[in-house]
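So the structure is just underneath, and the comments pick up after that.
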Amino acid sequence: MKNSYIKSYLNCHNEFRAFASLYLFGTLFTNVNVKIDTGCSSTTFLTSKLGLPKAESQRLKLHDCNDKSIKKIISFGVNDSKAFREKSLLAFRTHQYEHLTCVSFVHKIKNLEIAGTPTKNSEVKVNYDRTGNILIGMDIISTWDTHIGKLNSGETLLLACPKNCLNHEYYDELERFFELKPLIMY
């Protein structure tokens, strides 16, 4: 079902979650649980969370490791030690990608929908080893008109709509939940 805006309530873990669908590797993935993370700079999809078997993930990773046209990016978590970072950076600089769990590969995704709302096709990072959260980062969020606020009920709500698809339904929800009216009439 297509929606005209994204609506997500802050959950008990202080997260905005939604379900997404997208095409990646020529395959349609549906009902993908994603975290909308304004503190994350770039979107990262984890093949483990897409439901790909480990063997298939490793096959795809090996392909990407050997494909010089695919951009590789190294990124670390907040809990990664200095020793781990130094060892990983050395392996990255010497193109030993297959042994790195902290390397991601840039891929184009198509037909991305978040909470049933079509959003822009874009390049995202794909990681074949990590098992954390799929993060929708600011590279995508920045293309949305986004409002986050506390409601009279005490709940915190995120309402968002891709800037190129602003619509009556989205503006009606902004007025209903946040008492905001658009300055420019649509």
Go through Thr146, Thr44 and list them by solvent-accessible area, largest first, probe radius 1.4 Å.
Thr146, Thr44
Apportionment of accessible area to carbon and sulfur, the chain, percent (1.4 Å):
53 percent
Probe radius 1.4 Å, ligands and nucleic acids left out: which of Tyr171, Tyr23 has the largest accessible area, and how do the rest follow?
Tyr23, Tyr171
Accessible surface, the chain, averaged per residue in Å² (probe 1.4 Å):
58 Å²
Hull-based mean projected area of the chain, where the convex hull spans the alpha carbons, in square nanometres:
12.2 nm²
On a 0 to 90 degree scale, rounded to 10, what angle separates helix 54-66 from the longest Cα axis of the chain?
70 degrees
Choose one of Ile74, Ala20, Gly154: the residue whose Cα lies farthest towards the positive end of the charge dipole of the chain (beta-carbon charges +1 Lys, Arg; -1 Asp, Glu; about the Cα centre).
Ile74
Expressed as a whole-number percentage, the relative contact order of the chain with C-alpha contacts under 8 angstrom and at least six residues apart is 32 percent
Check Leu112: other-chain or 5+ apart residues with amide H under 5 Å from its amide H, H built from backbone geometry?
Tyr23, Thr119
Within the chain, which is the longest segment containing none of the trypsin sites (Lys or Arg not before Pro) that sit in a DSSP loop and have at most 13 other Cβ atoms within 10 Å?
72-186
So which of Lys72/Lys120; Lys54/Lys110; Lys35/Lys181; Lys7/Lys110; Lys49/Lys120; Lys35/Lys163 end up more than 25 Å apart, counting from Cα to Cα?
Lys35/Lys181
Can you give the calculated 222 nm mean residue ellipticity of the chain, where each DSSP H run of n ≥ 4 adds -39,500 (n - 2.57) and the sum is split over every residue, rounded to the nearest 500 deg cm²/dmol?
-6500 deg cm²/dmol
Two-site label geometry, Glu56 and Asn33: point separation in nm, points 7 Å out along Cα→Cβ:
1.9 nm
Which of Gly149, Gly137, Gly26 moves the most in a Gaussian network model of the chain with Cα springs under 10 Å?
Gly26
Take the chain, connect every pair of alpha-carbon atoms lying under 10 Å apart with a spring to form a Gaussian network, then pick out the residue of Ile140, Ile148, Ile109 with the largest mean-square fluctuation.
Ile148
Place a point 7 Å from Cα of Lys120 in the direction of its Cβ. Which residues in region 144-166 have their backbone N less than 19 Å from it?
144-147, 159-166
Compute the helix-to-body angle for 82-93: its Cα long axis versus the longest principal axis of the chain, expressed 0 to 90° and rounded to tens.
70 degrees
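The values are calculated or read from the model by the stated rules, or taken from the named source; none is laboratory data. Bear in mind that the values here come from a model prediction, so they are computed numbers and not experimental data. When we count neighbours, we look across all protein chains shown, and the Cβ atoms used for this are built from the backbone with ideal geometry, even at glycine. Protein only, heavy atoms only, side chains kept; ligands, DNA and RNA dropped before computing areas. Shrake-Rupley method; radii C 1.70, N 1.55, O 1.52, S 1.80 Å.
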